[in-house]
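See below for the structure under consideration.
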Amino acid sequence: MNYKLQNDRLSVTISSLGAELVSAVGEDGFEYIWQNPTGEFWGGHAPLLFPHCGRILNSEYTYGGEGYEMGIHGFARKMEFELVSQDNNSLVLSLKSNEETKKIYPFEFELIAEYRIAGNLLFAYFTVQNNDKNVLPYMFGWHPGFNLDDKNGAKTEDFYVEFDGVSECLCYPLQNGGFVAPDAYTYSLPNGKYQLSEEENAREGTMIFVGTGSRAKLISPKSEHGVSLSYFDNLPYFCIWKWESADAKYICLEPWSDVPGDGIEPENFDTKKMSRLPTGEFEIYGYKVHFWKLF
């Protein structure tokens, strides 16, 4: 089921499947979220990543000596969320652990997704609540795909991501087919800008940055539209990804709490580097998206 939030400047649609943002249309009719119009490339819009971000080696992990299977980016994006509340400007959806989730992830939890709009701003807050008797090992991330406005002939290389006051950061390369190498290297960001590049995208896959601050802007001098994305400090990893094709007219800007393993060591959630939430406690991950027209 789809839910719509709307005012005179922004119309937002969220699906109960995965509590996913599937559309954000500005007052001039421009769609900011990737719609996969041809059925090619990536089929998502802005999925939630829980309780894992990225791949798990062989899609298998152990916890407490038991074995489990979990696919890429966890399972929340494929689950139906229940409606908690809705009005014209806000929506709250919830996913609680159940018999189906416990076969994949043996914990009692609740994941609450709250969306609010004000003017041309979208506020998104995601709460992870540990209702289990044990510490909850998990990751959380948001995976929004933003349309690249090419009405004026703009190509991917005409867009850049601007980070406030940052001239360099750390970058974690991928290895072993989509896993993260343990050692980062220094990556230069001249004037705080990361220029999008089809060539680098094809070579590197996902760019995983640390140390880029808590705000990023998607801009092109050839585009009428821009996006600013702000996010909480508990999301230190900033990932940039798109499908390897110049015809895929979008870019994903993804703040994550944690990143996958190295693709070598067997996955053990007892010891893996993940967020760990004590019994009865919760953690909130917050994002603000400013959709704007440049001229």
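The table below lists the values:
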read-out: Residues located in region 207-219, provided they are in contact with a Gly (Cβ under 8 Å, 6 or more places away or on another chain), buried (at least 19 other Cβ atoms within 10 Å of the Cβ) and of a type outside the set (A, V, I, L, M, F, W, C); value: Lys217
read-out: Strands (runs of 3 or more DSSP E) enclosed by region 160-246 - at least 3 residues per element that are closer than 22 Å to Asn147 by Cα; value: 160-163, 193-195, 207-210, 215-219, 225-231, 237-241
read-out: Segments classed as strands (runs of 3 or more DSSP E), wholly inside region 20-111, with at least 3 members that are on the phi < 0 side of the Ramachandran plot and surrounded by fewer than 16 Cβ atoms within 10 Å (Cβ to Cβ); value: 66-69, 82-86
read-out: Selected residue (only one of Leu111, Leu148, Leu95, Leu136 is under 20 Å from the mean Cα position of the chain (by Cα) and farther than 21 Å from Val84 by Cα); value: Leu148
read-out: Leading residue by the ranking (nearest to Thr62 (Cα to Cα)) among those in region 238-282 that are open to solvent by 30 Å² or more (accessible area, probe 1.4 Å) and among the small types (Gly, Ala, Ser); value: Gly280
read-out: Extreme residue, most open to solvent (accessible area, probe 1.4 Å), among residues of region 139-148 that are closer than 17 Å to Trp42 by Cα and not aromatic (Phe, Trp, Tyr); value: Asn147
read-out: Close pairs from region 256-268: first under 17 Å from Met207 (Cβ atoms), partner aromatic (Phe, Trp, Tyr), Cβ under 6 Å, at least 6 apart; value: Trp256/Tyr237; Val259/Tyr237; Pro260/Phe179
read-out: Pair list, Cβ < 7 Å and 6+ apart or interchain, from region 165-178 residues that are among the aromatic types (Phe, Trp, Tyr) to residues that are not in a strand (DSSP E or B); value: Tyr172/Ala181; Tyr172/Ala184; Tyr172/Val259
read-out: Enumeration of residues in region 174-213 that are of a type in the set (Lys, Arg) and modelled with pLDDT of 95 or more; value: Lys193
read-out: Region 179-201 - residue that is touching a residue at least 24 places away in the same chain (Cβ under 8 Å), farther than 20 Å from Val259 by Cα and not polar (S, T, N, Q) and, of those, surrounded by the most Cβ atoms within 10 Å (Cβ to Cβ); value: Tyr194
read-out: Candidate set from region 118-129 (those that are buried (at least 22 other Cβ atoms within 10 Å of the Cβ) and not small (Gly, Ala, Ser)); member that is farthest from Asn98 (Cα to Cα); value: Leu122
read-out: Residue, farthest from Ala113 (Cα to Cα), within region 1-19, restricted to residues that are open to solvent by 30 Å² or more (accessible area, probe 1.4 Å) and of a type in the set (S, T, N, Q); value: Asn7
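The values are calculated or read from the model by the stated rules, or taken from the named source; none is laboratory data. Quantities reported herein were computed from a predicted structural model and do not represent experimental measurements. Don't worry about glycine lacking a Cβ; one is built from the backbone with ideal geometry, like all the others, and counts go over all protein chains shown. Ligands, DNA and RNA are stripped out before the accessible areas are found, and what is left, the full protein with its side chains, is counted by its heavy atoms. Shrake-Rupley method; radii C 1.70, N 1.55, O 1.52, S 1.80 Å.
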